[in-house]
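Undergrad: If you scroll down you'll find the structure; I have some questions about it.
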Amino acid sequence: MKKSSFVAMILGTVSGVLFALGMCMALLPEWNSFKPGIIFGAVGIVLGIITVIVWRKMENKAPIKVTARGIGISLLAILGSLLLGIGMCFVLVWEKMIAGIIIGLIGIIALLSLIPVCKGT
């Protein structure tokens, strides 16, 4: 295993655990730790961004260039993920089966549309 892959694996794992723990702390009312959860989650996100920067530097890759196309693809991915999650909430939490299935399918279609958008065809 290359040194850069090992460093990225360790940093990515730590950032993922911090983010997940922070979200659990913030979203579970039984824990009574909303503010520390937000802090843990934010530290996890920042460490994840640092992980990408460090890994790209160790691999001698160019920094990520922010383009309108990249922002659009990111927004489509976020929208699709949110719609899929909202659809699941409609079905599993609020027991609104038809609306949840429709919203979830729209999210799945948005996520599937990422394939041709990213390929450029």
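Undergrad: Inside region 22-42, can you point out the residues that are crowded, with 16+ Cβ neighbours inside 10 Å and part of a helix (DSSP H, G or I)?
TA: Across region 22-42, the qualifying residues are G22, M25, A26, G37, F40, G41.
Undergrad: Just one of the numbered conditions (1) out of contact with any Ser or Thr (no Cβ under 9 Å at 6 or more places or on another chain); (2) surrounded by fewer than 12 Cβ atoms within 10 Å (Cβ to Cβ) is not true of K57; which one?
TA: Answer for K57: the failing condition is (1).
Undergrad: Consider region 67-101. How many of its residues are free of Cβ contacts under 8 Å to residues at least 24 places away in the same chain and surrounded by 13 or more Cβ atoms within 10 Å (Cβ to Cβ)?
TA: Adding up the residues that qualify gives 11.
Since every read-out is calculated from the coordinates, none of them should be taken as a lab result. Please read all numbers here as calculations on a predicted model, not as lab measurements. Because the Cβ atoms are built from the backbone with ideal geometry, glycine has one as well, and the counts that use them run over all protein chains shown.
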